[in-house]
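Asks: Please see the structure below; I have some questions.
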Amino acid sequence: MNSPESSMKQSGEVAAARPSGRQPVIVLGTIGHDAHIVGSSVLRFAFEEAGFRVVFLGAVVPPEEFISAAKESAADAILVSSMYGMGRIDCADFGDKCKEAGLGHVKLYLGGILVTDPEHWPETEALFKGYGFDRVYPPQTKAETAISDLKKDLGLSS
Amino acid sequence: MDLALAIDFGSTFTKGSLFDLAQQRVVGIAYQPSTVESDVAIGLHAVLARLKQHTSHDLTRVPARVCSSAAGGLRMVVVGLVPSLSLEAAQRAALGAGAKIVGAFGHKLSRSVLSSLAAARPDLILLAGGIDGGDEETILHNARALAELGLASPVIVAGNQFVAEDCVSILSRAGRNATLAANILPEIDRIEVGEVHQLIRELFVKHITQAKGIERVAQELNLVTPIIPTPAAVLRACQLLAEGPPKRAGLGDVVIVDVGGATTDVHSASNGAPTRPGVIRRGLPELFLKRTVEGDLGVRINAMTIVERIGADAICDFANTLHPGGLNADDVRAYAERVSDDPNHVPRGAQEAALDAALARSAIRIAIQRHAGSVKEVYTGAGLALVQYGKDLGDVSTVIGVGGVIAYGEHGEFALQGAVSTPEAPVALIPNGPKFLIDQSYLLYGIGLLAEEFPDAAFDIASKVLLPPSSSSQLLPPVTPA
């Protein structure tokens, strides 16, 4: 996980934007019984490039492992990918579990192919926000969107 | 003759073995009940006197290497943050260094936890928590809490490097002996134990063997290497046997099971890579050398726990395959109760030998299942996948048995069968078809003590003294304490 030079420079800039000077940390992986790893890999490199420290968990990650990794890394955000339409099952109590684990302050982002039914995005988004996610993204969302949102949410940019 | 002396100050016996490195053979072995509680020197002198019968050399001049698990061994408390992450990494680091874990605590240490920690009377504390750049709050809180606790035990700080030095300062300012080490969990998927192991070895010599009088007694010998914990010596032997000496083939992946009266220890030298295709590995990465200690499984003091875990009926079935017909579940319970009250009990007659072997087989089964990983099937969007946690020991070539019930019992092989997979439990990744060897003469510690400096001789000696269960030609007579 050696960061390329550009990422080092970026990380300095991003970290410098915070009072603590600490590089922001995200936990990232594909939740549940989902073996898709390409999407989260793309996000991993994009976030590293943008100066974030990425704790990458890979695919087929139980919800509890996101939470454990977020505690150990004092993560600023957890980014959950779900590509196989079973998001409802895997994510229904994710926000509650995070709160219970003392991670109520951690930003929760979710994206991917979240449901198998014909998509009515506003309903899907509302459903998953109800599960405790701060931001929910439809398929085809660009990594830059999530990066820019997270910088905003963490107070790293205006 | 090129002689080498190996001494193990064990908790129950002081053991000595004399090797001829040039001829790769054992010259003599001796055992004496441990005298650590009174004067450790008495047992050593008796061992040397017995070894003297085999040689005209002055044994105090023969290069000696010493390991010790006496006086409670290396008692360690480990502290981490998340139980499945930094705390687990800390436990593995401590066990791999040969420690006895007397307490493992995650998250912020509370007052009640601190009093349990103090009550555990650790020789050494390993303080971990947070990946590098990760959580800072917990390890700082725990360093302050340990600083306030009136314990003299040295502390190794091996957590988040961003605050690890601060933790050392907090502890040092409070007059505590604190040492900085590299983070044992620098990233969520990387364990680094090298520096922690090195520090544990140094502190073991500096503080623990000195405090227990072992260092002083060892000065009577021509000590050529630092004293190490006995389990660390056994792990070195495990590694040498698996990998072989430089430029020579080893045995392949090796497991050592040591069934004692109170605990069952399992050591493995294996990277634990999946033996089936299409497996996704999850969980903390595994170290090539792994040691686990099952403090609830032993064939004497903890015999009743084995009965509770496996069931009297299952143990009875095992015993009846050796001693057909005669036994029922009540006999199993009665025997287990009796031996737990009398840990020095030696089985008498075929029935008790069968019961002992059945208990040992059951203890080995549970211990190896806990040591090894497991696999579960998950139906992913892309079809069926297998998710593996921990080590897959399916391809282990050799299982080595240690402990009285295996070495001296009539049914050592039957007991070792507990380590082999059966069709009923396909999720446990335990050895499929290993061959068995038995450390009949308790020499693994000696092989381990020689392993780093004389790998060829140590390997050749091991191949002579570790015997298949069926072997009728014992090189050495069974050992009985004098």
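Values quoted throughout were computed directly from the atomic coordinates according to the rules given, and no laboratory measurement underlies them. What you see is a predicted model; the values in this text were computed from it and never measured. Backbone-built Cβ (ideal geometry, glycine too); neighbour counts: all protein chains shown.
Asks: Starting with the highest mean, order B:81-94, B:427-440, B:22-35, A:133-146 by the number of other Cβ atoms within 10 Å, averaged over the residues of each peptide.
Replies: Ranked from most to least packed, the peptides come out as B:81-94, B:427-440, B:22-35, A:133-146.
Asks: Related question: If you line up the long axis of helix A:143-153 against the longest principal axis of chain A, both from Cα atoms, how many degrees apart are they, to the nearest 10?
Replies: 70 degrees
Asks: Using Cβ counts within 10 Å as a stand-in for footprinting exposure, how do B:411, B:207, A:105, B:371 rank, fewest first? Intermediate results must be reported in sequence, preceding the final value.
Replies: Working: B:411 23, B:207 18, A:105 8, B:371 26.
The fewest-first ordering by Cβ neighbours comes to A:105, B:207, B:411, B:371.
Asks: Which percent, to the nearest 5, of DSSP beta bridges fully inside the stretch A:5-151 are antiparallel?
Replies: Once the DSSP bridges in the stretch A:5-151 are tallied, antiparallel ones form about 5 percent.
Asks: What is the antiparallel percent of DSSP beta bridges lying wholly in the protein assembly as shown, to the nearest 5? It would help to have the intermediate numbers written out before the result.
Replies: On the way: 39 of 96 bridges.
Given both bridge residues lie in the protein assembly as shown, the antiparallel proportion sits at roughly 40 percent.
Asks: Starting from the 7 Å offset along Cα-to-Cβ, what nm value, one decimal, do you get for the label separation of residue B:384 and residue B:206?
Replies: Spacing of the two 7 Å Cα→Cβ label points: 5.6 nm.
Asks: Net charge around residue B:108, counting only other residues with Cβ within less than 14 Å of its Cβ (Lys, Arg = +1; Asp, Glu = -1)? Don't skip to the end; give the middle numbers.
Replies: Details: positive: A:71, B:111, B:144; negative: A:72, B:135, B:136, B:137, B:148.
Result for the neighbourhood of residue B:108: -2.
Asks: Considering only the stretch B:75-201, what is the antiparallel percent among its DSSP beta bridges, to the nearest 5?
Replies: 5 percent
Asks: Spelling out what I want: for every residue of the stretch B:249-254, take phi, set θ = phi - 60°, compute 6.51 cos²θ - 1.76 cosθ + 1.60 (Karplus), and round to whole Hz; glycine and proline get x.
Replies: Values per residue, Gly and Pro as x: 7, x, 7, x, 4, 10 Hz.
Asks: Right, another one. If you fit an axis through the alpha-carbon atoms of helix A:121-130 and take the longest principal axis of the Cα set of chain A, what angle between them do you get, 0 to 90°, nearest 10?
Replies: For helix A:121-130, the angle is close to 70 degrees.
Asks: Using the alpha-carbon atoms, what tilt in degrees (0 to 90, nearest 10) does helix A:63-73 show relative to the longest principal axis of chain A?
Replies: Between the helix axis and the principal axis of chain A, the angle is about 10 degrees.
Asks: Using only alpha-carbon positions, what ratio does the radius of gyration of the stretch B:254-467 give when scaled by 2.2 N^0.38 Å?
Replies: Rounded to two decimals, the normalised Rg is 1.08.
Asks: Moving to a separate point now. Within the set of other residues whose C-beta is less than 13 Å from the C-beta of residue B:455, count the net charge using Lys and Arg as +1 and Asp and Glu as -1.
Replies: -2
Asks: Follow-up. Over the alpha-carbon set of chain B, work out the extent along each principal axis and list the three values in angstrom, largest first.
Replies: 65, 60, 49
Asks: OK, next. Please work out the Cα center distance from the stretch A:35-72 to the stretch B:301-316, rounded to the nearest Å.
Replies: Here the answer is 43 Å between Cα centres.
Asks: Then there's this: Can you compute 3J(HN,Hα) from phi for each residue in the stretch B:384-393, using the Karplus curve 6.51 cos²θ - 1.76 cosθ + 1.60 with θ = phi - 60°, rounded to whole Hz and x for Gly and Pro?
Replies: Per residue, the Karplus-derived 3J(HN,Hα) values read 6, 10, 10, 10, 10, 10, x, 8, 8, 9 Hz.
Asks: Please report the net charge: other residues with Cβ closer than 15 Å to the Cβ of residue B:318, K and R +1, D and E -1.
Replies: Once positives and negatives cancel, what remains is -4.
Asks: Let me ask something else about it. Using alpha-carbon pairs under 8 Å, 6+ residues apart, how would you state the relative contact order of chain B in percent?
Replies: About 14 percent, as a whole number.
Asks: Taking the Cα-to-Cβ direction at residue B:57 and at residue B:177 and moving 7 Å from each Cα, how far apart do the two end points lie in nm?
Replies: Going by the 7 Å Cα→Cβ label model, 3.3 nm.
Asks: Now for a separate question. Given the C-alpha centroids of the stretch B:163-229 and the stretch B:59-80, what is the distance between them in whole angstrom?
Replies: 13 Å
Asks: Run the helix sum for chain A: -39,500 (n - 2.57) per DSSP H stretch of 4+ residues, divided by residue count, reported at 222 nm to the nearest 500 deg cm²/dmol.
Replies: -12500 deg cm²/dmol
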